[in-house]
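The values are calculated or read from the model by the stated rules, or taken from the named source; none is laboratory data. Just so we're clear, the structure is a prediction, and the values are computed from it rather than from any experiment. A quick note on method: Cβ atoms are made from the backbone with ideal geometry, for glycine too, and the neighbour counts reach across all protein chains shown.
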Amino acid sequence: MELLDSIRRRRLTQKGLSSGKKRRTQTDGPVAIRLDRSTVIRYSVYVVFALFVSVMAFNFANGRVDGARPVSAAAGSLLAVVMAILLFEVWHPKTARRNGHVFLIFSCLAVQLGFIWLVTVTVETNPVLPESLKLLLVPYALAPMILAVLLRSNLGLYAVAGATLLGAFLIDKESLLPYLVMSAACGLSAVIVTQEVRKRGRLLRGGFYAGGAAVLLACSFNIISLGPLNGGGVLEWQLFGIEVASAFGIGLVTGMIVSGLLPILESTFTLTTDISWLELSDLNHKLLRRMQLEAPGTFHHSMVVASLAEAAAEEIGANPMMCRVCSYFHDIGKLQKPAYFIENQGENNPHDSLTPTMSALVIIAHVKDGVDMAIKSKLNPRIIDVIREHHGNSLVYYFYRKAQEQRRVEEGMVEEGLENPEDVPEVDAKNFRYPGPTPQTLESGIISLADAVESASRTLRKPTPRKIRSLVDDIVFNRIKDGQLDNCGLTVSDLKKTRDSFANTLRSMMHSRIDYPKREKQTGDSQSDSGSTGGLVKNVVPVEELEKQRRKAAGDP
């Protein structure tokens, strides 16, 4: 298909009907979509993970002196994996349909279980290392922290439960209860601390709390002996320091490792954390700098849309940082022809010399131009989706109405015999609609509404709270009637909160100022003015006069 498309484009170029360039697009191919949604691949990941866990459980139990049976351990771990997979499918059905996310979740669990097995085997086979390190060197917060930051907190909690349950097959009976408590507590503390991460230092704080919880629980289970505190010897103090440093240090190292792995995992699995959104919110980006200089009206419009969308996202539980950043870039396509958009126009309106159909094409083209510029600048795919979706397939109503009015005028001229019926152009609503698609996410739906509300609010004369609320309600209800919000997931309750948020934010932005009355000049005021400011003005001597006086005093001509 690509070859045929290039040949067709070349022929059009030779005829002068094409520039030979192809507009950039950001769409996943059908193969990539099928791979990401394939049931076969998903269950293959499940099977590989189950075999990995059962093999580790078999090897751990094989040859142990405490009477453990390798086959029973492998069968029990396999049953536990099946339970974990079933719970995952039931609790997280949307995530389970994305093979990339499934692979990330079970890979993190496999890595953490591999660390548990490696630490246990290393300590048991090395007589120099103390037995307490079997539980102190385990990175309990690794998988929970990664999944909580990259995906959601509830998936971090799932990682806590999965790693705790499956790791029990890799721990001996004497250490089983301390392991279960330490794994659950350290994982929970890491997930709670990293619920809203906007700075990388928060990850180190999560590792700090996980390490602190490990030290406290190890002391309570007497894994870390507190005997040296009562006057122990040098060797006891050394062992105490090694154990505390191991438990506390492994938590900090886990936080550092997660902080370093996040950029790699984000690019690999096309995920974006709040840390990355915060970095993308820098207004010194080259496109935003261009917008400030070339399209200042569009830049101000984008800033207001960002404030509206961020406040509404916080109310309904969407991602406020994503809404802010995507709002900054949603109209970058207007940089191609900024003078054709009313917020950037001065006294002249270029649309006065264009037909309504051509004007609509110019307005609609800013979506495709924005996608093209975003792909060229390698912006985040979520930003590109919002640029494509923020107008949906809505109608450019102003120029559509103008085209209908012109058609009625020309039909009247036909009736008067002043024009031929063949010269009357057809007005097709399809030519005045954006290409779509409609918003597909909560954030995209919020930005779409915020964009329309901000643009319409500029038309209000003497805005009052009632006018603002009526305007917001009309726009939201019209978008619902037009089917623009059918696929974004906004519920009726979400739309109610969004309308309230928009109205409150606009009311605070468009509040009226006090109309200060002009001071009436009275006799006393004029005298006092002349005595204060007027007297100063009269006493001011020009520089030329001062120069003449100086020359006379010096005797110069």
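The table for this structure:
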quantity: Filtered residue count, the stretch 133-153, keeping only those that are more than 18 Å from Lys94 (Cα to Cα) and aliphatic (A, V, I, L, M); calculated: 10
quantity: All helices (runs of 4 or more DSSP H) inside the stretch 230-295 with 2 or more residues being closer than 24 Å to Phe329 by Cβ and either in contact with a His (Cβ under 8 Å, 6 or more places away or on another chain) or at pLDDT below 90 (or both); calculated: 234-269, 274-280
quantity: Filter result for Asp494 (under 19 Å from Cys323 (Cα atoms), assigned by TED's automatic domain parsing to the domain that holds Ala313 and assigned to a helix (DSSP H, G or I)); calculated: yes
quantity: Count of residues meeting criterion [closer than 23 Å to Ala360 by Cβ, hydrophobic (A, V, I, L, M, F, W, C) and touching a Lys or Arg at 6+ places or on another chain (Cβ under 7 Å)] in the stretch 370-397; calculated: 2
quantity: Subset tally (residues that are assigned to a loop (DSSP other than H, G, I, E, B) and within 38 Å of the chain's Cα centre (by Cα)) for the stretch 349-359; calculated: 1
quantity: Residue in the stretch 194-207 that is out of contact with any strand residue (DSSP E or B) (no Cβ under 7 Å at 6 or more places or on another chain), of a type in the set (S, T, N, Q) and either farther than 30 Å from Val149 by Cα or crowded, with 18+ Cβ neighbours inside 10 Å (or both) present; calculated: yes
quantity: Sole exception among (1) surrounded by fewer than 18 Cβ atoms within 10 Å (Cβ to Cβ); (2) within 17 Å of Asp385 (Cα to Cα); (3) of a type in the set (D, E, K, R) for Lys334, by number; calculated: (1)
quantity: The listed residue being within 28 Å of His330 (Cα to Cα) and at pLDDT below 90, out of Arg458, Arg550, Arg519, Arg499; calculated: Arg458
quantity: Answer from Asp451, Asp473, Asp500 - the residue that is assigned by TED's automatic domain parsing to the domain that holds Gly392, part of a helix (DSSP H, G or I) and crowded, with 16+ Cβ neighbours inside 10 Å; calculated: Asp451
quantity: Any hit, the stretch 73-96, residues being within 23 Å of Leu150 (Cα to Cα), surrounded by fewer than 19 Cβ atoms within 10 Å (Cβ to Cβ) and basic (Lys, Arg); calculated: yes
quantity: Of the criteria (1) surrounded by fewer than 17 Cβ atoms within 10 Å (Cβ to Cβ); (2) in contact with a helix residue (DSSP H, G or I) (Cβ under 9 Å, 6 or more places away or on another chain); (3) closer than 30 Å to Val427 by Cα, which one Ser353 fails; calculated: (2)
quantity: Failed item in (1) in contact (Cβ under 8 Å) with a residue 12 or more places away in the chain; (2) within 25 Å of Gly483 (Cβ to Cβ); (3) surrounded by fewer than 19 Cβ atoms within 10 Å (Cβ to Cβ); (4) not assigned by TED's automatic domain parsing to the domain that holds Gly445, with Lys402 passing the rest; calculated: (3)
quantity: Set Leu129, Leu78, Leu86: member being in the same structural domain as Ala190 (by TED's automatic domain parsing) and under 29 Å from Tyr209 (Cβ atoms); calculated: Leu129
quantity: Meets criteria (touching a Lys or Arg at 6+ places or on another chain (Cβ under 9 Å) and either surrounded by 24 or more Cβ atoms within 10 Å (Cβ to Cβ) or more than 30 Å from Gly317 (Cβ to Cβ) (or both)) for Ile224; calculated: no
quantity: Some residue of the stretch 408-424 being polar (S, T, N, Q) and either assigned by TED's automatic domain parsing to the domain that holds Ile480 or outside any loop (DSSP other than H, G, I, E, B) (or both); calculated: no
quantity: Filter result for Ala74 (within 28 Å of Thr268 (Cα to Cα) and hydrophobic (A, V, I, L, M, F, W, C)); calculated: no
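Results for (1) assigned to a loop (DSSP other than H, G, I, E, B); (2) more than 23 Å from Leu395 (Cβ to Cβ); (3) among the polar types (S, T, N, Q), shown as yes or no for each residue.
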position: Glu314; (1), (2), (3): no, yes, no
position: Cys323; (1), (2), (3): no, yes, no
position: Glu347; (1), (2), (3): yes, yes, no
position: Ile364; (1), (2), (3): no, no, no
position: Lys368; (1), (2), (3): no, no, no
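Every residue, every condition in (1) in contact with a helix residue (DSSP H, G or I) (Cβ under 8 Å, 6 or more places away or on another chain); (2) farther than 30 Å from Asn99 by Cα; (3) among the small types (Gly, Ala, Ser); (4) free of Cβ contacts under 8 Å to residues at least 60 places away in the same chain, yes or no:
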site: Leu261; (1), (2), (3), (4): yes, no, no, no
site: Ser267; (1), (2), (3), (4): no, no, yes, yes
site: Glu294; (1), (2), (3), (4): yes, yes, no, yes
site: Phe299; (1), (2), (3), (4): yes, yes, no, yes
site: Ala318; (1), (2), (3), (4): yes, no, yes, no
